[in-house]
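As structure tokens, the structure follows; a few thoughts come after it.
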Amino acid sequence: MAKVLMKGNEAIGAAAINAGCRYFFGYPITPQNEVPEYMSRELPKVGGVFVQAESEVAAINMVYGASGAGARVMTSSSSPGIALKQEGITYIAGAELPCVIVNIMRGGPGLGGIQPAQSDYNQSTRGGGNGDYKLLVYAPANLQEMVDMVQEAFDAADYYRNPVLVVGDGMIGQMMEPVEFKPYVSKYELAEKTWATDGTKGKRGPNIINSLFLDPAKLEDHNVKLQAKYKAIKENEARAELYNMDNAQVVIVAYGTTSRIAKNAIESLKKEGIEVGLIRPQTLWPFPDRAFETLPEACKGLLVVEMSMGQMIDDVKLATSCRLPVEFYGRSGGMIPEPDAIADKIKEMLGGVK
Amino acid sequence: MAVVFQKTRGLTDVQTHYCPGCTHGIIHRLVAEALEELGVLDDSIGVCPVGCSALAYDYFNCDMHQASHGRAPAVATGVKRVHPKNVVWTYQGDGDLASIGTAEIIHAAHRGEKITTIFVNNAIYGMTGGQMAPTTLVGQKSTTSPYGRDAETCGFPLKVAEMMATIPGAAFVERVSVDTPANVRKAKKAILEAFKCQIEGKGFSIVEVLSTCPTNWGMTPVDSLAWLQANMIPYYPLGNFRKPEEAK
Ligand SMILES: Cc1ncc(C[n+]2csc(CCOP(=O)(O)OP(=O)(O)O)c2C)c(N)n1
Ligand code: SF4
Ligand SMILES: [Mg+2]
């Protein structure tokens, strides 16, 4: 198929529909409004359903209902709205249902601002809701990757019977880039949803969608089962891009659009004879720990760059077991890191070569 | 010998956890009988709440969802939009529907979702041990209104049926009680009509059922029925508040 020029948020909608998503429940919030707008326009054309819910709480609970009923379903929002969805997300995880949630992050805390940010890293990877649960979290850095990951997210959600989160920031939601919609093929062997509630038709016993286990022993068994699933996701799905790692004296760790700015800094430093690598986590959970196992011999330290006050840095310290110094450079509130500032920080780490 | 009564196929054989004399059990039977009599049991999908009826998914013999506190109408919306031909219903208490879930119930009605809500008003939070509900009567004692509900600081009890009847999308709204055999029969009739309203695609339907909580009211089941008659019915008048326009 030919490439088309699309806005990030619309590409998300198009990718979802391409992957067979026919139900969308959402609530307006900047900077992701083009996702529900696109879905309200396009879903009816393919026999799908768009509902503007009364709140993000209601929207995610509609997702819970539709998913339990057997549908491919998505919701999207931005930071404060994702905070509201946490109640529904933990129920969906607890009841082991598939769905795709998109967070086009903006600055916080509180009402914060409407400009791009990455300050929901902890919320995404640590579970914002109650209980021991995990989401598979994809973090695309460009629109083609966004499209591919949204499509894959539906399959992964169905395969693991788990909610999948796709995070971007306001920049990726608003930017335009050419994207190609490859014919949709699932990379997983997907089972029929025999557990879905579609009426017994008198042919089977009732299907029950539930996350309540009043018997502590049964709830613990359920948690053990969930952990086994998370272990499989950790083994199979952790993913990272490595860039310019040979002879790197410093390795930058950055995800999403921040990684693109980091690449600019890496290229300009190269001209000055300073080799800097990049590890770009493509999944935030599971975190790509393995990418940190063998760092270049020349590597003197790591620099984590985020559009936050420092959240992913904790995972980098865990992944490197603090073998090397891990430094941080971040901007927040919608301020975007400048390549020069990143380059300066690296020179400072290397002992003030200017 | 002729069979004069038998348990509806709409309920499972699981023993319920409801307290002796609690009218949740009667309401379960009426809902199950209505689904069976309308021939839609095997096509129905129920959504149970957080509250004493949280475990209702084990008691109804049809597909069921367990919803978070107050969100059953949103969950039912998701189910109904995926399966528009199936009969989708919620079963909710007064804390669930009239406190934490007011936004969800009002907007499900507002959208005219073709679902049916069975709203069990027992004027108390049963499950959590007898705290004040939005429907607790003025002067009624509960564990969080130990001196009796004070209208000055807690407001007056919410009249849900009257409120729902102001919403254009609510096609059928009726308040019933299960305190006497005659009222039980009327309650059954209203539940049947509510489901019919959904089946005929007329809009949102809700039946508010006045119910007892002997355990947290601190009364015997018989005294509870008398208390409901003397206190609840005068404030929460029984009757129909909205019927779908008859097709001419
Ligand atoms: C989010 C959340 N808040 C509070 C609770 C605790 N809780 C469980 S049941 C209940 C009240 C239920 O009362 P009602 O809806 O009137 O049902 P009843 O038990 O009286 O039938 C509450 C507050 C909960 N489970 N979840
Ligand atoms: S606590 Fe009250 S409402 Fe709950 S089962 Fe017992 S009597 Fe019924
Ligand atoms: Mg109650």
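The values are calculated or read from the model by the stated rules, or taken from the named source; none is laboratory data. Just so it is clear, the structure is predicted and the values come from calculations on it, not from any experiment. Quick reminder, even Gly has a Cβ in these numbers, built from the backbone with ideal geometry, and neighbours come from all protein chains shown.
Within the range B:82-105, the set of residues being within 24 Å of residue B:11 (Cα to Cα), within 16 Å of ligand 2 (Cβ to nearest atom) and either outside any helix (DSSP H, G or I) or hydrophobic (A, V, I, L, M, F, W, C) (or both) comprises B:91, B:92, B:93, B:97. None of B:31, B:79 is surrounded by 24 or more Cβ atoms within 10 Å (Cβ to Cβ), aliphatic (A, V, I, L, M) and either assigned to a strand (DSSP E or B) or over 15 Å from the mean Cα position of the chain (by Cα) (or both) except B:79.
One line per residue, one yes/no per condition, for (1) on the phi < 0 side of the Ramachandran plot; (2) away from chain B (no Cβ under 14 Å):
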residue: A:174; (1), (2): yes, yes
residue: A:190; (1), (2): yes, yes
residue: A:194; (1), (2): yes, no
residue: A:199; (1), (2): no, no
residue: A:224; (1), (2): yes, yes
residue: A:229; (1), (2): yes, yes
residue: A:239; (1), (2): yes, yes
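Listed here are the residues, each with its yes/no results for (1) assigned to a loop (DSSP other than H, G, I, E, B); (2) in contact with a Pro (Cβ under 7 Å, 6 or more places away or on another chain).
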site: B:182; (1), (2): no, no
site: B:190; (1), (2): no, no
site: B:197; (1), (2): no, yes
site: B:201; (1), (2): yes, no
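Note on the range A:47-64: among residues that are more than 7 Å from every other protein chain (Cβ to nearest Cβ) and assigned to a strand (DSSP E or B), the one that is nearest to residue A:99 (Cα to Cα) is A:50. Among the residues of the range A:273-285, those identified as surrounded by fewer than 23 Cβ atoms within 10 Å (Cβ to Cβ) and in contact (Cβ under 8 Å) with a residue 40 or more places away in the chain are A:274, A:282, A:283. Considered as a group, the residues in the range B:36-71 that are away from ligand 2 (no atom under 16 Å from the Cβ) and more than 11 Å from chain A (Cβ to nearest Cβ) include one that is surrounded by the fewest Cβ atoms within 10 Å (Cβ to Cβ), and that residue is B:37.
Here B:173, B:178, B:184 are screened, and the one residue that is within 16 Å of ligand 3 (Cβ to nearest atom) and away from every other protein chain (no Cβ under 14 Å) is B:178. Filter the range B:211-221 for residues that are more than 11 Å from ligand 3 (Cβ to nearest atom) and either farther than 26 Å from residue B:174 by Cβ or under 18 Å from the mean Cα position of the chain (by Cα) (or both) and give the result. Of everything in the range B:211-221, those that are more than 11 Å from ligand 3 (Cβ to nearest atom) and either farther than 26 Å from residue B:174 by Cβ or under 18 Å from the mean Cα position of the chain (by Cα) (or both) turn out to be B:214, B:215, B:218, B:219, B:220.
Residues that are in contact with a helix residue (DSSP H, G or I) (Cβ under 6 Å, 6 or more places away or on another chain) and either hydroxyl-bearing (Ser, Thr, Tyr) or assigned by TED's automatic domain parsing to the domain that holds residue A:318 (or both) do not occur anywhere in the range A:212-225. Given the criteria over 19 Å from residue B:208 (Cβ atoms), polar (S, T, N, Q) and either within 16 Å of ligand 2 (Cβ to nearest atom) or more than 7 Å from chain A (Cβ to nearest Cβ) (or both), does residue B:131 qualify? So residue B:131 fits the description; yes.
Scanning the range B:106-132 for residues that are within 12 Å of ligand 1 (Cβ to nearest atom), in contact (Cβ under 8 Å) with a residue 40 or more places away in the chain and either within 17 Å of the chain's Cα centre (by Cα) or outside any loop (DSSP other than H, G, I, E, B) (or both) yields B:118, B:119, B:120, B:121, B:122, B:123, B:124, B:125, B:126, B:127. Of the residues making up the range B:46-71, those that are more than 14 Å from ligand 3 (Cβ to nearest atom) and under 13 Å from the mean Cα position of the chain (by Cα) are B:46, B:47. Scanning the range A:320-346 for residues that are surrounded by 21 or more Cβ atoms within 10 Å (Cβ to Cβ) and aliphatic (A, V, I, L, M) turns up A:342, A:346.
Among the residues of the range B:81-105, those that are within 8 Å of chain A (Cβ to nearest Cβ), touching a residue at least 12 places away in the same chain (Cβ under 8 Å) and either away from ligand 1 (no atom under 16 Å from the Cβ) or more than 22 Å from residue A:87 (Cα to Cα) (or both) comprise B:83, B:86.
Looking at the range B:18-28, which of the residues that are within 15 Å of ligand 3 (Cβ to nearest atom) and in a loop (DSSP other than H, G, I, E, B) is surrounded by the fewest Cβ atoms within 10 Å (Cβ to Cβ)? Filtering first and then ranking leaves B:19.
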